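Trainee: Here it is, the structure in full.
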Amino acid sequence: MSSDFPPKQWDIWFATLREGTKGEQTGPHNVLVLSSPRVQRASGVVVVAPITSTPREAPWIVKVEPQDGGIELVSYIECHQLQALSPSRLASEHFVKGYLLKSGQR
């Protein structure tokens, strides 16, 4: 594991999501880390919300502009697709894609 574990809450990481059925996000995706390091240590899992660059509109989808998230494209956090993942599903190298809080708020 990277020295960046446990991931910080609100960081954006690259992860391999679990296999699923129609309508579920699966495979490699950017994800928003929702769980705090304390919860991660206690539970052994990282709770994440998948991020997609496919435009979507719904009350449970959060649009993120590149300047707000340190990411390259306008993206959409899918708050209805939460997953609890083993830390081994996160990129093994320090592959933080960005973060949601602007600098100075961290």
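Trainee: Quick one: what pairs do we get from the stretch 23-44, first residue closer than 29 Å to residue 56 by Cα, second surrounded by fewer than 11 Cβ atoms within 10 Å (Cβ to Cβ) and modelled with pLDDT under 90, C-beta under 8 Å, 6+ apart or different chains?
Mentor: Taking only residues 6 or more apart or on different chains, the pairs are 26/19.
Conditions tested, residue by residue: (1) modelled with pLDDT under 90; (2) of a type in the set (A, V, I, L, M); (3) part of a strand (DSSP E or B); (4) closer than 20 Å to residue 6 by Cβ.
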{"position": "47", "(1), (2), (3), (4)": "no, yes, yes, yes"}
{"position": "56", "(1), (2), (3), (4)": "yes, no, no, no"}
{"position": "59", "(1), (2), (3), (4)": "no, no, no, no"}
{"position": "63", "(1), (2), (3), (4)": "no, no, yes, no"}
{"position": "68", "(1), (2), (3), (4)": "yes, no, no, no"}
{"position": "84", "(1), (2), (3), (4)": "no, yes, yes, yes"}
{"position": "94", "(1), (2), (3), (4)": "yes, no, no, yes"}
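Trainee: Moving on. For the structure I just gave you, tell me whether residue 38 is more than 18 Å from residue 73 (Cα to Cα), at pLDDT 85 or above and surrounded by fewer than 20 Cβ atoms within 10 Å (Cβ to Cβ).
Mentor: Numbers: more than 18 Å from residue 73 (Cα to Cα): yes; at pLDDT 85 or above: yes; surrounded by fewer than 20 Cβ atoms within 10 Å (Cβ to Cβ): yes.
Yes; evaluated as a whole, the condition is true for this residue.
Trainee: Another question about this same structure. Give the stretch 64-80 a look and list any residue that's out of contact with any Leu (no Cβ under 8 Å at 6 or more places or on another chain), surrounded by 15 or more Cβ atoms within 10 Å (Cβ to Cβ) and of a type in the set (A, V, I, L, M, F, W, C), or say none. Step through it out loud before you land on a result.
Mentor: Here is the first cut: in the stretch 64-80, the ones out of contact with any Leu (no Cβ under 8 Å at 6 or more places or on another chain) are 65, 67, 70-76, 78-80.
Still in the running and surrounded by 15 or more Cβ atoms within 10 Å (Cβ to Cβ): 70-71, 75-76, 78-79.
Within the stretch 64-80, 71, 79 meet the criteria.
Trainee: I'm trying to understand the selection: among the residues of the stretch 8-22, which are closer than 21 Å to residue 56 by Cα, free of Cβ contacts under 8 Å to residues at least 12 places away in the same chain and not small (Gly, Ala, Ser)?
Mentor: 21, 22, listed by residue number.
Trainee: Going by the structure shown, is residue 39 in contact with a strand residue (DSSP E or B) (Cβ under 8 Å, 6 or more places away or on another chain) and more than 20 Å from residue 86 (Cα to Cα)? Lay out the reasoning, then the answer.
Mentor: Values: in contact with a strand residue (DSSP E or B) (Cβ under 8 Å, 6 or more places away or on another chain): yes; more than 20 Å from residue 86 (Cα to Cα): no.
It is false that residue 39 is in contact with a strand residue (DSSP E or B) (Cβ under 8 Å, 6 or more places away or on another chain) and more than 20 Å from residue 86 (Cα to Cα).
Trainee: How many residues are under 13 Å from the mean Cα position of the chain (by Cα) and either over 13 Å from residue 77 (Cβ atoms) or crowded, with 18+ Cβ neighbours inside 10 Å (or both) when one looks only at the stretch 7-24?
Mentor: Within the stretch 7-24, the subset under 13 Å from the mean Cα position of the chain (by Cα) is 7-17.
Right, trim to either over 13 Å from residue 77 (Cβ atoms) or crowded, with 18+ Cβ neighbours inside 10 Å (or both) and you get 7-9, 11-17.
Of the residues in the stretch 7-24, 10 are under 13 Å from the mean Cα position of the chain (by Cα) and either over 13 Å from residue 77 (Cβ atoms) or crowded, with 18+ Cβ neighbours inside 10 Å (or both).
The values are calculated or read from the model by the stated rules, or taken from the named source; none is laboratory data. Only a predicted model underlies this, so the values are computations on that prediction, with no experimental measurement involved. Note: ideal-geometry Cβ built from the backbone for every residue, glycine included; neighbour counts use all protein chains shown.
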